[in-house]
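Please read the structure below before turning to the comments.
Every number here is computed from the coordinates shown, using simple stated rules; none is lab data. Computed from a predicted structure; not experimentally measured. For neighbour counting, all protein chains shown are included, and Cβ atoms are generated from backbone atoms with ideal geometry for every residue, glycine included.
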Amino acid sequence: MWRQLFQALLLGNQNNQKRNFIAQKLAQSYIYEDKGIDALFPDFKTKVNRLIKRMQVLKKPIFLSEGFRSFKKQNDYYAKGRTKVGKIITKAKGGQSYHQYGLAADLIFKRYGWRPPSQEWWNVLGREAKKLGLEWGGDWKFKDVAHVQYRPLGVEWKELRPYFNRS
């Protein structure tokens, strides 16, 4: 991992500041062993905190279930329902999810976890997330109602993935 971070920070395309900035923040999370909400990209962390506070005001309190996720863990999730027992829970392999870059979060309800009283609770979460400029997984064909993600400067995971290829 360190070699990939070094490559992203020092040897990457110097003309692409947005990718370099995201890689730098991700490297800082590794260096300081950030966990939970602290492992999120700084602007995204601020937005998630605002969303948590807003949902509290709306009497639908949420918390971060999972933010940053390693490539290995993402591949483990991807294997469910395919090569491992369980239900398919993701369409993304390691490196194909914004979770691997600190740009995605799964948020669930404090009292109800993944099973709030109605779908409307998820819809409220989605509306509030979108007001903050976040994308909501509930809008996707493969619904992921607990998932929100942030694409600073319109960066795509496909632009970040090459920085972290093993070579």
Roughly how many whole Å is it from the C-alpha centroid of segment 77-103 to that of segment 30-68?
21
Cα-Cα over 19 Å, subset of K35/K143; K53/K131; K80/K110; K47/K91
K35/K143; K80/K110; K47/K91
Taking neighbour counts of Cβ atoms within 10 Å as a proxy for exposure, in what order, fewest first, do I37, I89 appear?
I89, I37
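From the alpha carbon gyration tensor of the chain, can you work out the equivalent ellipsoid semi-axes (sqrt of 5 times each eigenvalue) and give them in Å, largest to smallest?
For the chain, the semi-axes come out at 28, 19, 13 Å.
Starting with the fewest neighbours, write out E156, E66 ranked by other beta-carbon atoms found within 10 Å of each beta-carbon.
So the ranking, lowest neighbour count to highest, is E156, E66.
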Per-residue [θ]222 nm for the chain (sum of -39500 (n - 2.57) over DSSP H runs n ≥ 4, rounded to 500)
-11000 deg cm²/dmol
Run the paramagnetic zone check for K72: 7 angstrom along Cα to Cβ, then residues of segment 92-106 with backbone nitrogen under 16 Å.
94-95, 100
Contact order relative to length for the chain, counting C-alpha pairs under 8 Å separated by 6 or more residues, stands in percent at 24
If we count other beta carbons within 10 Å of each Cβ, what is the order of H147, H99, fewest first?
H147, H99
For the chain, the longest stretch holding no chymotrypsin sites (Phe, Trp or Tyr not before Pro) located in a DSSP loop with at most 15 other Cβ atoms within 10 Å is which?
33-111
What shape does segment 82-167 take by its C-alpha gyration tensor, where a ≥ b ≥ c are the square roots of the eigenvalues and a/c under 1.5 counts as rounded, a/b above b/c as prolate, and the rest as oblate?
oblate
Under a GNM of the chain (C-alpha, springs under 10 Å), which listed residue has the highest mean-square fluctuation: L103, L64, L153?
L153
